[in-house]
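Contents: one structure, followed by commentary.
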Amino acid sequence: MIKKEVKHLIDIKDLTVKEIDDLIKVANDIINNKEKYSNVCNGKILATLFFEPSTRTRLSFESAMIRLGGNVLGFSEASSSSVSKGESVSDTIRVVGGYSDIIAMRHPKEGAPLVACKNSTVPIINAGDGGHNHPTQTLTDLLTISSEKKRLDNLTIGLCGDLKFGRTVHSLITAMSQYKKIKFILISPEELKLPEYVKKEILDKNNIEYIETNDIEEYMSELDILYMTRVQKERFFNEADYIRLKDYYILNKEKLKTAKKDLCIMHPLPRVNEISTDIDSDSRAKYFKQAEYGVYIRMALILKLLEVK
Ligand code: NCD
């Protein structure tokens, strides 16, 4: 008997553009026909193994599985699992694979989900690994962009804040670099610039145009999308550096004065101070809607990985 290959999602590069487009199509069908999907995962179990804090990602995964008619189990902090007794991630995954049909895992160490999937008999989804990748946030972002802008090409995208440690930024750049006529404006303080490996291996390799600046207003009038991010406190070695950089950018009405009328303002959330709450009522603010899109795209992803028709 041929052993069936288990599908995982560790890096957004694991998906082709066609597969991403298909996931977006399914997510839109789910949005328009929620009833049709409410029992398709009856009897299936999703395990959420979160070795690092989360609100949206974990709860949207759980909501996604429950909305598909399945069940969920898991833990939301490493201290409540046997990891605190010294168990390896590989052993945890092997065991949980016997208790569930699919696993979403978040871990503070870069590469942990990749190691985990080598020994897994069920699909593993990377729900964020350290400052590295966050592919399901990127799927959420792509569904948001395609819904709000009606296209995934021909866009000028401003990414602002912690481009060094922000894993959502790294995965989003990787995905968007596959579409036509994409230009990035990388807005960050010197210390939080996009890592060289992302510039070399993704932007340069794909001949993507980009500009680096520390001034949020300089290119504001050109942007179709402004993707704000939080300074990633938990990745800093030194608290004084975090305190110095944490309020470097605070988006407010004044800073948006030259922005396009149809600018799409996004943020993976949680927000700390980087977007003033005055902006929340601006029709261009899409970050709460973005969080909701996260449920529908995760529903589509679960269906794909479990091969549910
Ligand atoms: C992001 C993350 O965990 O990387 N949050 C999320 O998943 N929505 C962004 C962040 O924590 O700043």
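For the reader, a short list of remarks on this structure follows.
- Solvent-accessible area per residue, Å², over region 136-290 with all protein chains present [probe radius 1.4 Å]: 44 Å²
- For the residue pairs Lys181/Lys309; Lys149/Lys257; Lys36/Lys149, alpha carbon separations beyond 29 Å are given by Lys181/Lys309.
- When only the Cβ of Lys, Arg, Asp and Glu is charged (+1, +1, -1, -1), the dipole of the chain relative to its Cα centre reaches about 920 debye.
- Per-residue SASA entry for Val83, accessible area with 1.4 Å probe, Å² rounded to 10: 40 Å²
- Potential lengthening between Glu87 and Val272 on full extension [0.36 nm per residue; Cα-Cα distance subtracted]: 63.2 nm
- Degrees between helix 287-305 axis and first principal axis of the chain (Cα, 0 to 90, nearest 10): 30 degrees
- Counting 0.36 nm for each residue step from Lys181 to Lys150 and taking away their Cα separation leaves a gain of 9.7 nm.
- Simple label model, 7 Å out from Cα along Cβ direction - Glu77 to Arg284, nm: 3.9 nm
- Label separation (Glu307 vs Asp247): 5.5 nm, computed from points 7 Å beyond Cα along the C-beta direction.
- DSSP beta bridges in the chain [antiparallel fraction, %, rounded to 5]: 5 percent
- Shape of region 196-309, Cα gyration tensor, a/c cut at 1.5: rounded
- Principal axis box of the chain, alpha-carbon based, largest edge first, Å: 59, 45, 38
- Phi to ³J(HN,Hα) by Karplus 6.51 cos²θ - 1.76 cosθ + 1.60 over region 197-208, Hz, x for Gly, Pro: 5, 6, 4, 6, 7, 10, 5, 5, 4, 9, 6, 8
- Dimensionless Rg/Rh of region 115-242 - Kirkwood Rh, Rg from C-alpha atoms: 0.98
- Averaged over residues, the count of other Cβ atoms within 10 Å places the peptides 207-218, 232-243 in the sequence 207-218, 232-243, highest first.
- Amide H contacts under 5 Å for Val6, placed H, 5+ residues apart: none
- Cα-based helix-to-principal-axis angle, 135-149 vs the chain, degrees rounded to 10: 50 degrees
- A Förster distance of 51 Å, applied to the separation of the beta-carbon atoms of Asn214 and Val95, puts the FRET efficiency at 0.60.
- Partner aspartates and glutamates whose Cα lies under 16 Å from the Cα of Lys289, excluding those fewer than 8 positions away in the same chain, are identified as Asp141, Glu148, Asp262, Asp280.
- With Cα atoms, 0 to 90° folded angle of helix 56-67 axis to the chain main axis: 50 degrees
- Relative contact order, percent, the chain [alpha-carbon distance under 8 Å, six or more residues apart]: 19 percent
- Fully extended contour minus Cα-Cα distance, from Lys205 to Lys13, at 0.36 nm per residue: 67.7 nm
- Prolate/oblate/rounded call for region 22-70, Cα gyration tensor, a/c under 1.5 rounded: oblate
The values are calculated or read from the model by the stated rules, or taken from the named source; none is laboratory data. Remember, predicted model here, so these are calculated numbers, not experimental data. As a convention, Cβ positions derive from the backbone with ideal geometry for all residues, glycine included, and neighbour counts pool all protein chains shown. What goes into the accessible areas is simple: the full protein's heavy atoms, side chains included, and nothing from ligands, DNA or RNA. Shrake-Rupley method; radii C 1.70, N 1.55, O 1.52, S 1.80 Å.
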